[in-house]
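Remarks on the structure that follows.
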Amino acid sequence: MKNKAFTLVELLGVIVILGIIATITVPIVQRTILENTEEVYQDQVASFEKAAKNYVASDVYNMSTKCLNRTCTVSLDTLQKEGFLPSGDIINPKTDEKFNMENIVDITYNGGNFSYNYDETQDN
């Protein structure tokens, strides 16, 4: 009767092949996760700036007077209380912690145009 078991050499060969595959794929998966996390974070920042834009649009006359030739600010907390951001905790995808709602979006009005900027250094 013939024995149908794997030999030790065959099992070691399979383990070596799996190790090589893991060595190749793990860094690729980690890089993909990091890139996607950064993309989600940038989308979050864009949503803060869009919320500030909607906030200004809700009272454009007063905001254009208030921010004329200087930078005004609006906090994430104000945007949330006014209904321009969703209620509840807003999670930073980079740290998996809540965004500090005291963080601000800068609003500048020059020459008939508003510009919006969320300073990402607030999250460090």
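Each reported figure results from applying straightforward, stated rules to the coordinates on display, with no laboratory input. The model shown is predicted, which means the values in this text are computed figures rather than measured ones. Ideal geometry is used to build each Cβ from the backbone, glycine not excepted, and the neighbour counts take in all protein chains shown.
Mind checking the angle between helix 8-58 and the chain's longest principal axis? C-alpha axes, 0 to 90 degrees, to the nearest 10.
10
7 Å from Cα along Cα→Cβ at both Ser58 and Ala46: what's the point-to-point distance in nm?
Once both label points are built, they end up 2.3 nm from each other.
Using unit Cβ charges (K, R positive; D, E negative) and no other charged atoms, how large, in debye to the nearest 20, is the dipole of the chain about its Cα centre?
I would put it at about 460 debye.
Calculate for the chain the 222 nm mean residue ellipticity that helices alone would give, adding -39,500 (n - 2.57) per DSSP H run of length 4 or more and normalising by residue count, nearest 500 deg cm²/dmol.
-18000 deg cm²/dmol
Among Gln42, Gln30, Gln80, which one moves the most in a GNM of the chain with springs linking Cα atoms closer than 10 Å?
Maximum fluctuation in the GNM of the chain, among the listed residues, is at Gln30.
Fewest to most neighbouring Cβ within 10 Å: what's the order for Thr78, Thr23?
Least crowded to most crowded, the residues run Thr23, Thr78.
Any idea which of Val105, Pro93, Thr65 is furthest toward the positive side of the dipole for the chain, if Lys and Arg beta-carbons carry +1 and Asp and Glu beta-carbons -1?
Looking along the dipole axis, the top candidate is Pro93.
Give, as ranges by residue number, the residues of region 80-124 whose backbone N falls under 11 Å from the point 7 Å along Cα→Cβ of Asn69.
Counting backbone N atoms under 11 Å from the label point, the list is 111.
What's the tally of Lys pairs in region 8-123 whose alpha-carbon atoms lie under 17 angstrom apart, where the two lysines are 8 or more places apart or on different chains?
4
Which residue, Leu18, Asn54, Leu8, has the largest displacement toward the positive end of the dipole of region 8-123 when charges sit on each Cβ (Lys, Arg +1; Asp, Glu -1)?
Of the candidates, Asn54 comes out farthest on the positive side.
With point charges of +1 on the Cβ of Lys and Arg and -1 on the Cβ of Asp and Glu, referenced to the Cα centre of the chain, which listed residue (Thr121, Ile33, Ser75) lies farthest in the positive direction of the dipole?
Ile33
Quick check: from the Cα gyration tensor, does region 8-123 come out rounded (a/c under 1.5), prolate or oblate?
Judged from the Cα gyration tensor, region 8-123 comes out prolate (a/c at least 1.5, a/b above b/c).
Of the chain, which part is the longest with no GluC sites (Glu not before Pro) in a loop (DSSP not H, G, I, E, B) and with at most 14 other C-beta atoms within 10 angstrom?
After excluding every exposed loop site, the longest remaining stretch is 1-81.
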